[in-house]
Amino acid sequence: MSSKEHKIGEIIAEHHRREGPLLPILHDVQEEFGCVDTESEAIIAKGLNLSRADVHGVVSFYHDYSPTADPRPVVQICRAEACKARGVEQIIDAAKAAAGERVAIKTVYCLGLCSAGPAARVGDDLHIRLDNQSVSKLIENA
Amino acid sequence: MTIIKISDDALARAGGADALASAFEKKGFEVHRTSSWGMHWLEPLVEINGIGWGPVTLSRVDEIADGGADDICVGPIAAHPFITGQTRLTFARAGKTRPLSLEDYEASGGWSGLTRARQIGAERIVEEVTASGLRGRGGAGFPTGIKWKTVLGAPGPKKYIVCNADEGDSGTFADRMAMEGDPFALIEGMAIAGEAVGADQGYIYLRSEYPDAIRKLNAALKLCADIIAPFKCEVRVGAGAYVCGEETSLLNSLEGKRGEVRAKPPLPALEGFLGRPTVVNNVLSLAAVPHILMQGGAASYAERGMGRSKGTMPIQLAGNIKHGGLYEVAFGITLGELVNDIGGGTASGRPVKAVQVGGPLGAYIHPDQFDIPFDYEAFTAADALIGHAGVTVFDDTADMGEMAHFAMEFCSAESCGKCTPCRIGAVRGQEIIERIRSGGRKRDGVEMTPQIHNAPKNEGRSAAEEIGLLTDLCETMKFGSLCALGGFTPYPVMSALRNWPEDFVGDPAAIANALDAAK
Ligand SMILES: Cc1cc2nc3c(=O)[nH]c(=O)nc-3n(C[C@H](O)[C@H](O)[C@H](O)COP(=O)(O)O)c2cc1C
Ligand code: SF4
Ligand code: FES
């Protein structure tokens with residue numbers, strides 16, 4: 001048994017008694033490996049007695065699961081309406097310049113900080129009232 | 001010893017509240033991390049003996065400790081006009097209590113709704129919720145009492161209470177603030193719903209974009225497990241799909257499936273989670289219930305509001321607004337009062353150009369229409385949407401053509417894919433808007449060749465003809481979509497086009513004519 005199989009087996013064992021265990025399992029796998037790849041899909045399918053197509057269908061539906069791991073730090077920037085109204089589009093160029101190839105910039109639609117945007121998230125840390133300077137600094141420290 | 005209150009709400013923390021709290025602790029003060037008052041332009045807000053300072057930066061800590069920093073002092077917080085104008089029922093504890101303190105919760109009337117609910121029994125709970133006039137705060141405005149009655153009457157040994165905490169609409173954060181600031185109130189509301197319909201299991205489907213709310217609700221559920229027993233409740237984290245806020249999509253997601261929307265009937269009330277009778281309610285609907293179930297609560301709730309919109313609505317002032325934050329008030333207040341009087345106009349100081357109410361599926365409202373009262377029926381009559389009551393303000397630098405395009409882009413990114421008008425229409429919609437903005441569509445070289453004999457050999461479509469096409473597409477989306485994602489995206493698009501034609505083409509009169517012709 002590969003170590004991946006072993007770890008995913010543990011995750012499945014932790015959740016399989018829940019009603020609707022698949023999403024909690026996928027969250028833990030994504031967290032552990034940075035992705036839910038086809039190998040993981042197959043292991044999960046076997047563990048829950050589902051088809052691989054079933055599991056792949058679910059994985060590919062949701063924005064939070066990725067098929068391959070990206071080792072780069074991620075900065076999520078909100079580009080929904082309220083942050084647009086507060087000028088997020090004007091700081092995207094600066095953000096991209098600061099990120100270069102080193103940091104992955106991802107778009108997210110709303111972090112619930114809409115009265116104080118532009119807003120961003122790095123891990124579980126949230127940031128508000130961003131401008132060109134603060135967004136660049138944030139990305140450099142990511 | 002002086003107690004200093006600093007919120008531990010996600011927005012305050014994002015503004016630096018944690019560092020402020022440790023700075024005051026280092027100076028020897030006792031710091032209480034409370035919920036947020038909801039005056040977001042002042043966060044992080046520091047409160048000492050009822051007096052507030054905000055927004056506070058680390059460099060001002062010493063002055064505030066000495067009672068100085070007058071330039072950022074706002075005086076007694078409870079007497080601030082932004083607070084005195086509100087009627088806080090669901091957010092009665094906002095700014096006052098520590099979210100995870102059972103002691104604070106009980107001292108402020110916590111669990112009295114549940115205690116009373118257990119005494120009066122299922123039928124009377126449902127009657128009181130019906131009498132309160134409470135309508136679902138998630139968007140559709142369906143009477144909560146009637147929903148509960150259906151689930152109560154549904155046969156089956158196992159029923160569920162599902163809290164919709166997917167709050168995906170841009171411009172909304174009241175669910176987040178309720179969950180982070182008063183988690184026990186939501187849990188109490190769910191336990192009461194359980195008593196009402198005979199369910200002993202609850203799930204809170206919480207979006208993954210809210211890490212603080214996830215952490216706090218999990219902690220709160222642990223702390224109060226014995227109090228709500230035999231009712232049990234669990235947090236389930238979403239996976240970044242906007243459409244999972246739609247209740248049937250949410251149920252599929254909870255079951256571990258793709259978040260595709262289900263056709264109704266069957267209603268979730270009869271065949272919901274795992275095919276069993278299920279109450280699906282928004283956070284605010286459930287969090288309003290403990291107040292309603294207190295002695296006389298239903299009647300006092302029903303006294304407020306206007307027409308068939310009873311009680312209070314936690315309105316969220318967002319976007320380019322000077323005084324943004326949470327404003328809970330009885331229905332009936334006008335949009336103009338909210339944006340100009342309470343919100344103080346734009347944060348940038350420029351004129352207000354447009355307001356979007358109800359999130360990404362709500363129409364863009366022109367300041368000419370600011371006299372509309374906050375009332376479900378009045379909004380519907382104006383082709384607008386109250387939704388989850390997010391009010392997003394834009395100043396005159398906003399490009400409404402861009403916003404119309406974004407509405408289609410968002411729909412195509414978040415469509416569940418079940419129906420064609422939404423899945424494909426949203427992509428075609430973006431293309432048409434791009435063509436309108438670039439003056440229409442010329443025939444391409446291939447179309448002009450004699451071999452493509454059925455392609456018209458003319459100049460191509462003018463911008464006006466493209467508008468006809470967009471109108472037609474929007475009609476198809478409105479009537480041919482299964483849920484409101486595809487069905488309501490036309491509202492922001494068409495309202496932007498109608499109200500601000502100059503943001504689409506050089507000759508706005510042409511749009512007016514084209515819109516008339518397309519009628
Ligand atoms: C695309 C779409 C997204 C929705 N998102 C949410 C949401 O994030 N939160 C919510 O409570 N309701 C949302 N709804 C409404 C729900 O389908 C449902 O009406 C609501 O959860 C019922 O609870 P209520 O009666 O308490 O409002 C959404 C509906 C649609 C069509
Ligand atoms: S309208 Fe869109 S999101 Fe709604 S069911 Fe159809 S495809 Fe899915
Ligand atoms: S729109 Fe950006 S945080 Fe809500």
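Observations on the structure shown:
- Taking amide H as placed 1.01 Å from N in the peptide plane, the amide H of B:Val235 sits under 5 Å from that of B:Ile204, each at least 5 places away or on another chain.
- The orientation-averaged projected area of the convex hull spanned by the Cα atoms of the protein assembly as shown comes to 32.1 nm².
- Degrees between helix B:425-437 axis and first principal axis of chain B (Cα, 0 to 90, nearest 10): 60
- On the principal axes of its alpha carbon atoms, chain A extends 50, 29, 23 Å, with the longest extent given first.
- On the principal axes of its alpha-carbon atoms, region B:212-272 has extents of 38, 27, 15 Å, going from largest to smallest.
- Seen against the Cα atoms of chain B and their longest principal axis, helix B:463-480 is set at about 50 degrees.
- Quarter of Cα convex hull surface for region B:1-103, i.e. mean projection, nm²: 6.5
- Placed amide H near B:Lys353: partners under 5 Å, 5+ positions off or other chain: B:Phe394, B:Asp395, B:Asp396
- Greater than 30 Å apart at Cα, pairs in A:Lys96/B:Lys216; B:Lys26/B:Lys96; A:Lys106/B:Lys418; B:Lys222/B:Lys418; A:Lys137/B:Lys26; B:Lys232/B:Lys264: A:Lys96/B:Lys216; B:Lys222/B:Lys418
- Compactness index (Cα Rg / 2.2 N^0.38 Å), region B:309-395: 0.95
- At 1.002 mPa s and 20 °C, Stokes diffusion of region B:171-242 via Kirkwood alpha-carbon radius, µm² per second: 171
- In sequence order, calculated HN-Hα J values of region A:130-138 (Karplus, 6.51, -1.76, 1.60; Hz; x Gly/Pro): 6, 10, 3, 5, 6, 5, 5, 4, 4
- Principal-axis tilt of helix A:3-15 within chain A, Cα atoms, nearest 10 degrees: 90
- Size of region B:103-250 from its Cα atoms: along the principal axes, largest to smallest, the extents are 38, 35, 28 Å.
- Kirkwood Rh and Cα Rg combined as Rg over Rh, evaluated for region B:377-441: 1.04
- Our estimate of slack between B:Gln295 and B:Ile424, defined as 0.36 nm per intervening residue step minus the Cα-Cα distance, is 41.2 nm.
- Working note: Karplus 6.51/-1.76/1.60 with θ = phi - 60° gives region B:317-333 the couplings 9, 9, x, 7, 10, 5, 10, x, x, 9, 10, 8, 8, 5, 4, x, 5 Hz, where Gly and Pro are set to x.
- The share of C-alpha pairs in region B:289-355 whose separation exceeds 15 Å stands at 58 percent.
- Kirkwood Rh, angstrom, region B:401-519 [1 / mean 1/r, Cα pairs]: 14.7
- ³J(HN,Hα), Karplus 6.51/-1.76/1.60, whole Hz, each residue of region B:245-257, x for Gly, Pro: x, 5, 4, 6, 5, 4, 5, 4, 5, 4, 6, x, 10
- When Rg and the Kirkwood Rh are both derived from Cα coordinates, the Rg/Rh ratio for region B:241-326 amounts to 1.09.
- Cubic angstrom per residue, convex hull over Cα atoms of region A:3-61: 71
- Within the protein assembly as shown, helix-based [θ] at 222 nm, where runs of 4 or more DSSP H residues each add -39,500 (n - 2.57), nearest 500: -12000 deg cm²/dmol
- Mean projection of the Cα convex hull over all viewing directions, computed for chain B: 26.7 nm².
Every read-out reported here was derived from the displayed coordinates using simple, explicitly stated rules and does not represent laboratory data. Not measured: the values here are computed from a predicted model.
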